[in-house]
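**Q** Below you will find the structure I want to go over with you.
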Amino acid sequence: MKQELTDAQESWIQALESGKYNQGNSVLNRDNNFCCLGVACDLHKENLTVTQPSEAKAVWYDGDNCYAPEYIVGKLGLIDNVGESNDVDLKSLTVLNDEGKSFAEIAEILRSNPECYLISG
């Protein structure tokens, strides 16, 4: 039986599919270019401390610019802060993102394998 997505998980996947976000890599958000986990941070930024040091172009969420903050990990039911999979044949979400999978492709992977990336709600 396919794992049901929580509202937060569904909203995040829909945001990845929306075409609204420019995709970047290596950091959550640099110059409004997001990694897949950065999109989740943007969706929930009202619950995070968001800073952008003047000398840096990267946005920091709860003190980090490379890894999903604890709030996002919990809200989305991620296994860890890089979107690791519990299936050894599936790469983490950050690796998929940084290796060039599009947001639409990442969304499809999440929809096809939610039990591998997301703890059920």
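Every number in this text was worked out from the coordinates using simple rules, so none of it is lab data. The shown structure was predicted, so the numbers you read here are calculated from the model rather than taken from an experiment. Don't worry about glycine lacking a Cβ; one is built from the backbone with ideal geometry, like all the others, and counts go over all protein chains shown.
**Q** When the dipole is taken about the Cα centre of the range 7-116, and only Lys, Arg (+1) and Asp, Glu (-1) are charged at their Cβ, what size is it in debye, to the nearest 20?
**A** Working: 8 positive and 19 negative charges, 67 e Å.
In debye, rounded to 20, the range 7-116 gives about 320.
**Q** Moving on. Over the C-alpha atoms of the chain, what are the Rg and the largest Cα-to-Cα span, Dmax, in Å?
**A** In Å, with Rg to one decimal and Dmax whole: 13.3, 49.
**Q** How many percent of DSSP beta bridges within the chain run antiparallel, rounded to 5? Before the final figure, lay out each step's value.
**A** Values: 7 of 9 bridges.
DSSP beta bridges in the chain are roughly 80 percent antiparallel.
**Q** How much length is gained if the chain between Glu70 and Asn47 is pulled fully straight, taking 0.36 nm per residue apart and subtracting their Cα-Cα distance, in nm to one decimal? Before the final figure, lay out the partial values.
**A** Working: separation 23, 0.36 × 23 = 8.28 nm, distance 1.12 nm.
This chain segment gains 7.2 nm when fully extended.
**Q** Using 0.36 nm times the number of residues separating Ala56 and Glu108, minus their current alpha carbon distance, what extension gain do you get?
**A** On the way: separation 52, 0.36 × 52 = 18.72 nm, distance 3.24 nm.
Fully extending the segment from Ala56 to Glu108 adds 15.5 nm.
**Q** Continuing with this model, one more query. With label points built 7 Å along Cα→Cβ from the Cα atoms of Val95 and Asn32, find their separation and express it in nm.
**A** 3.3 nm
**Q** Please give me, ordered by residue number, the trypsin sites (Lys or Arg not before Pro) of the range 1-46 that lie in loop per DSSP and have at most 10 other Cβ atoms within 10 Å. Display every interim value, and only then the final one.
**A** Numbers: sites: Lys2, Lys20, Arg30, Lys45; in loops: Lys2, Lys20.
Loop-located and lightly packed - Lys2.
**Q** Also, quick follow-up: So what's the Cα pair-distance distribution over the range 57-121, bin width 10 Å, in %?
**A** 22, 52, 25, 2
**Q** If each residue's Cβ is checked for other Cβ atoms within 10 Å, how do Asp42, Asp89 rank with the fewest at the top? Before the final figure, lay out each step's value.
**A** Numbers: Asp42 20, Asp89 7.
So the ranking, lowest neighbour count to highest, is Asp89, Asp42.
**Q** Give the total of Lys-Lys pairs in the chain with Cα-Cα distances below 27 Å; include a pair only if its members are 8 or more places apart or on different chains.
**A** So the count of such lysine pairs works out to 17.
**Q** Continuing with this model, one more query. How charged is the neighbourhood of Ala104? Take every other residue with its Cβ under 13 Å from the Cβ of Ala104, and add Lys/Arg as +1 and Asp/Glu as -1.
**A** Numbers: positive: Lys20, Lys101, Arg111; negative: Glu17, Glu105, Glu108.
Once positives and negatives cancel, what remains is 0.
**Q** Only four residue types carry charge here, +1 at the Cβ of Lys and Arg and -1 at the Cβ of Asp and Glu. Report the dipole size of the range 61-103 about the Cα centre in Debye, rounded to the nearest 20. Walk me through the numbers before you get to the answer.
**A** Values: 3 positive and 9 negative charges, 33 e Å.
Taking the Cα centre of the range 61-103 as origin, the dipole is about 160 debye.
**Q** Can you give the helix-only mean residue ellipticity at 222 nm for the chain, where every DSSP H stretch with n ≥ 4 adds -39500 (n - 2.57) and the sum goes over all residues, rounded to the nearest 500 deg cm²/dmol?
**A** On the way: 6 runs with 46 residues, N = 121.
About -10000 deg cm²/dmol.
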